1. Return the FRET efficiency for the residue pair Asp284, Ile316: r is the Cβ-Cβ distance, R0 is 22 Å, and the value is rounded to the nearest 0.05.
2. What does the highest-first list of 32-42, 320-330, 48-58 look like by mean Cβ count within 10 Å?
3. Can you give me the accessible area per residue for region 47-149, using a 1.4 Å probe, in Å²?
4. Which lysines have a Cα less than 20 Å from the Cα of Lys184, not counting those fewer than 8 places away in the same chain?
5. State, to one decimal in nm, how far the label point of Leu218 lies from the label point of Trp144, with both points 7 Å from Cα in the Cβ direction.
6. What is the calculated FRET efficiency for Leu211 to Phe161, with r their C-beta to C-beta distance and R₀ = 35 Å, to the nearest 0.05?
7. For region 52-133, what is the per residue volume of the convex hull drawn over the alpha-carbon atoms, in cubic angstrom?
8. For region 265-280, in order, what is each residue's ³J(HN,Hα) by Karplus, 6.51 cos²θ - 1.76 cosθ + 1.60 with θ = phi - 60°, in whole Hz (x at glycine and Pro)?
Amino acid sequence: MSRVFIRSTELGLLIVAAIAFAATLASFELSQGATLSVQFLYYVGGFVGVFAVAHIALTIWAPYADQVMLPVVSLLNGLGLIMVYRIDAAKDLGLANRQIMWSVVGVALLIAVLIIVRDHKVLTRYSYLLGALGLVLLALPLVWPTSINADARIWIQIGSFTLQPGEFSKILLLMFFAQLLVQKRALFTVAGYRFFGISFPRLRDLAPILLVWAIAILIMAVSNDFGPVLLLFSTVLGMLFMATGRWSWLIIGLGLTAVGGAFVYSLSAKIQDRFSAFRNPLDDVDGTGFQLSQSLFGLSWGGVTGTGLGEGHPDIIPVVWTDFILAAIGEELGLIGLAGVLILFALLVSRGFHTSLKVRDSYGKLLAAGLSLTMAIQIFVVVGGITALLPMTGLTTPFMSAGGSSLMANYVLLALLLRISNAARRPADEATGNAANAGGPAAAQPGAAQSGAGNAPGMEHTGVFHMQQSAQSSHYSQEAKR
């Protein structure tokens, strides 16, 4: 019976999220002069049912996981669904029903990952396979035959469904880089040259980051899209800094980004148009600057309190349900509503970083930090794009924008964070018992229990997370290979 209430905080927050979802949806329906019909009960009941199942799954398969993440995500997903439903009411594109379907699939994937991945350290055994699969998915749209007429080659088509493999490749590649940084950390910390008091790596030690940079540039140039690859490259740089604590890697990364960006800019007319719109969207308000101009007009019209849900005209913005859904929220819910959404994202990211600090093994630290960082960078870039502080990248808002690929991938990301969080918060005696059951007599030895919670070889006090070198870390390496 105690297991039923072990996640009471999460249950209470989910109830609050369900009430907020129902109140917001009712507000929109009433603003349109409609009555609260059976369809309203269908949406609210579906929301409650789906996340109740997710809560029960966590109670069974990850009882000690963070209790704030799922309620925050449920509220973000619910608000995004309401905004998509509101846009759909104006444009009649059938977006809302598809968004509901993909939300259900996303939660199902979350549960599936929790069931399949019982211990995040198991993923270290397949890191190179996951990295290779990530590269294949990233490059797959370049060779996949499709009838989709788009200016960026980032989609594949399977029957009547379209999929963006890059959303999933990002997670797979982050798993690979987390393990690579744990195994090869010494390579990235060797002292080389010093300029202005900053230690830079030796030229031969730049090979891994140069390889990532070259692949990123190649894919950007061929696919005519720089958002997803820029997000991945920025996240890897952040993980590299967190693993080593050396500012030189960030400086090198920024330099490579500038050089690569200039090269791709010179080749892509699409990127040139986006940069021109960023510099002054009003120069061509009816052409390349139309989308961004309408976003700025809508945000200005919304002001502090917004026009009211259903009372604005966010549907004027082209494809507002994907790239610019935060602009729609800013217009109708105002600065207050948009700030509330950003606070929810900040809370989610901070819980992810808290998990990375609390988990005991180095791989878990880097993976949780990388997954949290990629979400933070994505939100920063999206908000910068809709407010003309940054060029538009085509990135979507996690858990809110319409689209199945983004929703499914982000629920997989959430599942991994919850799995790592469960390991970080699990009582030490239960963790030892689980290790004994999973690894046999060798895993039940005191040294094995400690090494399972320890760090990988070569981790010293120079990284941001103070990854310690342990005399017994070799036991963990041997256990991970079994």
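The values are calculated or read from the model by the stated rules, or taken from the named source; none is laboratory data. These figures come from a predicted structure and were not determined experimentally. Here the Cβ positions follow ideal geometry from the backbone for every residue, glycine too, while neighbour counts run over all protein chains shown. Areas reflect the complete protein model, heavy atoms only, side chains present, ligands, DNA and RNA absent. Shrake-Rupley method; radii C 1.70, N 1.55, O 1.52, S 1.80 Å.
1. It comes to 0.85.
2. Packing order, densest peptide first, comes out as 320-330, 48-58, 32-42.
3. Working: 4350 Å² over 103 residues.
Using a 1.4 Å probe on heavy atoms only, each residue of region 47-149 averages 42 Å².
4. Excluding near neighbours in sequence, the set is Lys121, Lys365, Lys481.
5. 2.0 nm
6. Details: r = 33 Å, r/R0 = 0.95.
In this case the efficiency is close to 0.60.
7. Working: hull volume 9.7 nm³, N = 82.
Per-residue hull volume (Cα only) is 118 Å³.
8. Using θ = phi - 60°, the values come out as 4, 5, 9, 10, 5, 4, 5, 4, 5, 5, 5, 5, 5, 5, 5, 7 Hz.
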